[in-house]
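Undergrad: Encoded as structure tokens, here's the structure I'll be asking about.
The values are calculated or read from the model by the stated rules, or taken from the named source; none is laboratory data. From a predicted model like this one, the values you see are computed outputs, not experimental measurements. For neighbour counting, all protein chains shown are included, and Cβ atoms are generated from backbone atoms with ideal geometry for every residue, glycine included.
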Amino acid sequence: MKFKPLALIINIAIPLSIGALGGWATAQSVKTWYPTLNKPSFNPPNWLFAPVWTSLYILIGIAAYLVWIKRDKIVHLPRTIAIYFIQLILNLGWSFIFFYQHEIGFALAEIIFLLVIIIVNAIMFYKIDKWAGLIFIPYILWVGFATFLTYNIFILN
């Protein structure tokens with residue numbers, strides 16, 4: 001397949017835009033509400049979240065690009081696109097539920113569902129392009145950790 005730089009940029013811009021919206025939902029609460037919560041000892045420092053999420057959104061976009069360039073060969077393209085965008089929307093939804101609405105229990109339920117959908121997305125991508133699926137592994141690991149962290153914050157509060 002021929003490299004399509006504009007398509008790569010667009011595919012990376014989509015998850016980065018979702019991340020920016022999530023950052024907007026998070027910004028105020030990180031300074032006010034979040035510091036008041038009881039957190040487990042393994043809670044990462046706040047400065048770590050932005051670079052990790054930015055890196056993950058770039059990887060998600062690269063994976064989407066690898067699938068996009070093979071779109072003509074995908075038997076279930078609408079389903080693949082739907083799962084991809086559902087996981088992005090759920091990702092954004094968690095930020096709003098946890099940080100904007102301060103609903104830790106609901107955020108826990110939502111992130112568990114998000115993790116399942118990310119795994120489904122990774123498997124679908126893997127079947128289309130092995131690298132696209134493998135690129136999702138850091139995302140799965142981070143959201144798995146975020147799920148465990150959310151669970152602990154829920155228990156402690």
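Undergrad: Identify all residues within the stretch 45-75 that are assigned to a loop (DSSP other than H, G, I, E, B) and touching a residue at least 12 places away in the same chain (Cβ under 8 Å); write none if there are none.
TA: I69, K70, I74
Undergrad: Now for a separate question. Give me the residue from the stretch 43-77 that is closer than 22 Å to V30 by Cβ and among the hydroxyl-bearing types (S, T, Y) and, out of that set, surrounded by the most Cβ atoms within 10 Å (Cβ to Cβ).
TA: If we take residues in the stretch 43-77 being closer than 22 Å to V30 by Cβ and among the hydroxyl-bearing types (S, T, Y), then Y57 is surrounded by the most Cβ atoms within 10 Å (Cβ to Cβ).
Undergrad: Here is a further query. Name the residue, out of L88, L92, that is part of a helix (DSSP H, G or I), under 17 Å from the mean Cα position of the chain (by Cα) and over 21 Å from L134 (Cα atoms).
TA: L92
Here's the yes/no breakdown for (1) in contact with a Leu (Cβ under 6 Å, 6 or more places away or on another chain); (2) surrounded by 17 or more Cβ atoms within 10 Å (Cβ to Cβ); (3) in contact (Cβ under 8 Å) with a residue 12 or more places away in the chain:
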{"position": "L90", "(1), (2), (3)": "yes, yes, yes"}
{"position": "I97", "(1), (2), (3)": "no, yes, yes"}
{"position": "F106", "(1), (2), (3)": "no, no, no"}
{"position": "I118", "(1), (2), (3)": "no, yes, yes"}
{"position": "F125", "(1), (2), (3)": "no, yes, yes"}
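Undergrad: Continuing with the same structure: Could you run through the stretch 3-44 and say how many residues are outside any helix (DSSP H, G or I), free of Cβ contacts under 8 Å to residues at least 12 places away in the same chain and farther than 19 Å from W94 by Cβ?
TA: The total comes to 2.
Undergrad: Here is a further query. Can W131 be described as under 18 Å from Y57 (Cα atoms), at pLDDT 95 or above and surrounded by fewer than 16 Cβ atoms within 10 Å (Cβ to Cβ)?
TA: Criteria met by W131.
Undergrad: Continuing with the same structure: With (1) of a type in the set (A, V, I, L, M, F, W, C); (2) within 23 Å of I135 (Cα to Cα); (3) under 18 Å from the mean Cα position of the chain (by Cα); (4) surrounded by 13 or more Cβ atoms within 10 Å (Cβ to Cβ) as the list, and W24 as the residue in question, which single condition is left unmet?
TA: All conditions pass for W24, except number (2).
Undergrad: Moving on. Among the listed residues I97, I74, I118, I104, identify the single one that is under 30 Å from A7 (Cβ atoms), modelled with pLDDT of 95 or more and not charged (D, E, K, R).
TA: I118
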